[in-house]
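Worksheet: one structure, shown below.
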Amino acid sequence: MKRNKINQLITDKAFVGTTVTVMGWVRTRRGNKHVQFVALNDGSTVKNLQIVFDMQNFTDEQL
C-alpha cells in the first residue's frame, strides 16, 4: 500500500476516480448523525483534504 501525499492529489488530475491511501492528522471534524466531514492534513501543503463519511457505514468509534 503506497501512501499518496495530499499535495500530489491536489495537483495531479490522474488521481481522479482512483482509490488512494493518505496519512495525516485531523484538523477539523463536523457533521451530524448521518454524515461526517473530516479535514485531513499531512504537512505537504497548507490545503486540507476533505473526506466525507456516511455514518451508516461507520461508527463514531471507528472515526
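The values are calculated or read from the model by the stated rules, or taken from the named source; none is laboratory data. Being a predicted model, the structure only gives us computed values, none of them experimental. Please note: Cβ atoms are built from the backbone with ideal geometry, for glycine as well, and neighbour counts cover all protein chains shown. Ligands, DNA and RNA are excluded from the accessible area calculation, which covers all protein heavy atoms including side chains. Shrake-Rupley method; radii C 1.70, N 1.55, O 1.52, S 1.80 Å.
Worth pointing out:
- Given (1) under 13 Å from the mean Cα position of the chain (by Cα); (2) open to solvent by 90 Å² or more (accessible area, probe 1.4 Å), index of the condition Leu9 fails: (2)
- The set of residues in segment 45-59 being surrounded by fewer than 11 Cβ atoms within 10 Å (Cβ to Cβ) and among the aliphatic types (A, V, I, L, M) consists of Val46, Val52.
- If you go through segment 15-25 and keep only what is open to solvent by 70 Å² or more (accessible area, probe 1.4 Å) and either at pLDDT below 95 or part of a loop (DSSP other than H, G, I, E, B) (or both), you end up with Val16, Gly17, Thr18, Thr19, Met23.
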